[in-house]
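The values are calculated or read from the model by the stated rules, or taken from the named source; none is laboratory data. This is a predicted model, so every value here is computed, not measured. Because the Cβ atoms are built from the backbone with ideal geometry, glycine has one as well, and the counts that use them run over all protein chains shown. These accessible areas exclude ligands, DNA and RNA; they are computed on the full protein's heavy atoms, side chains included. Shrake-Rupley method; radii C 1.70, N 1.55, O 1.52, S 1.80 Å.
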Amino acid sequence: MAVTPQETKIPAGTWKADPAHTSVEFGIKHLLITTVRGRFGDVEGVIEVDESGPAKASATIRPESVDTNQPQRDEHLRSPDFFDAAGFPELRFESNRIERVAGDRFRVLGEMTIRGTTREIELQAEFTGLNRDPWGNDRLGLTIRGQLDPNDYGVDWNQELETGGNMIGDRVDFVADVSAVREVADA
């Protein structure tokens, strides 16, 4: 039987994101009129939970795995104009503090590192449930949302438009839907 966040607290332990059931997606304005969306296919994450709740979280994303469903754009995103995936093969997040906002919602403060630049960032996280999979693994679900300005991380490639404004927006919105499995201690 599934347990919803309102029925129980998050069980203590180390929870690792299951990459097959976890997604990290993003969107950024293009030409001021539409949002281009993409995702990363190579993501790792760990959540440490103690008796009082989530205590620490970290994530690693490999920008080489970016996919916007347009190969030429993906190659440009991997280039030094954007992620410089060859020079900086990982995007990293490390939490500094996790605070319960209300019920199943949390505020996560931490350090985001992109292209060797580290900045403080605030994320919103929501615990979406707890269940046991058919193989006996305890799983928890989280949805994590945030936004950042790519210019803060040295990603400043852009083009001015003839009609005013820039080709690419200055805010990236992202969401991670995480299915994490609790590690079992060795006997």
| field | Failed criterion for residue 120 (all others in (1) buried (at least 17 other Cβ atoms within 10 Å of the Cβ); (2) in contact with an Asp or Glu (Cβ under 7 Å, 6 or more places away or on another chain); (3) within 25 Å of residue 15 (Cα to Cα); (4) of a type outside the set (A, V, I, L, M, F, W, C) hold) | value | (1)
| field | Extreme residue, modelled with the highest pLDDT, among residues of the range 12-27 that are over 30 Å from residue 171 (Cα atoms) and open to solvent by 30 Å² or more (accessible area, probe 1.4 Å) | value | 14
| field | strands (runs of 3 or more DSSP E) wholly inside the range 1-94 containing at least 3 residues that are of a type in the set (A, V, I, L, M, F, W, C) and closer than 18 Å to residue 148 by Cβ | value | 23-30, 53-61
| message | Residue under question is residue 139, and the condition is that it be assigned to a strand (DSSP E or B), touching a strand residue (DSSP E or B) at 6+ places or on another chain (Cβ under 8 Å) and open to solvent by 50 Å² or more (accessible area, probe 1.4 Å); does it hold? | response | no
| Among 49, 66, which is the only one that is open to solvent by less than 30 Å² (accessible area, probe 1.4 Å) and over 25 Å from residue 35 (Cβ atoms)? | 49
| message | For the list (1) within 21 Å of residue 117 (Cβ to Cβ); (2) touching a residue at least 24 places away in the same chain (Cβ under 8 Å), I need the number of the one condition that residue 42 fails. | response | (2)
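Let's see how each residue does on (1) in contact with a Gly (Cβ under 8 Å, 6 or more places away or on another chain); (2) free of Cβ contacts under 8 Å to residues at least 12 places away in the same chain; (3) basic (Lys, Arg):
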residue	(1), (2), (3)
108	no, no, no
119	no, no, yes
126	no, no, no
129	yes, no, no
156	no, yes, no
163	no, yes, no
| note | Residue hits (the range 142-176; assigned to a strand (DSSP E or B) and of a type in the set (Val, Ile, Thr)) are 143, 144, 168, 172, 175
| said: Being more than 18 Å from residue 60 (Cβ to Cβ) and of a type in the set (Lys, Arg) is the filter here; which residues of the range 78-121 pass it? | reply: 97, 100, 105, 107
| note | (1) surrounded by 13 or more Cβ atoms within 10 Å (Cβ to Cβ); (2) among the polar types (S, T, N, Q); (3) out of contact with any Gly (no Cβ under 8 Å at 6 or more places or on another chain) all hold for residue 151 apart from (1)
| query | So which of 126, 162 is in contact with a Ser or Thr (Cβ under 7 Å, 6 or more places away or on another chain) and of a type in the set (Asp, Glu)? | reply | 126
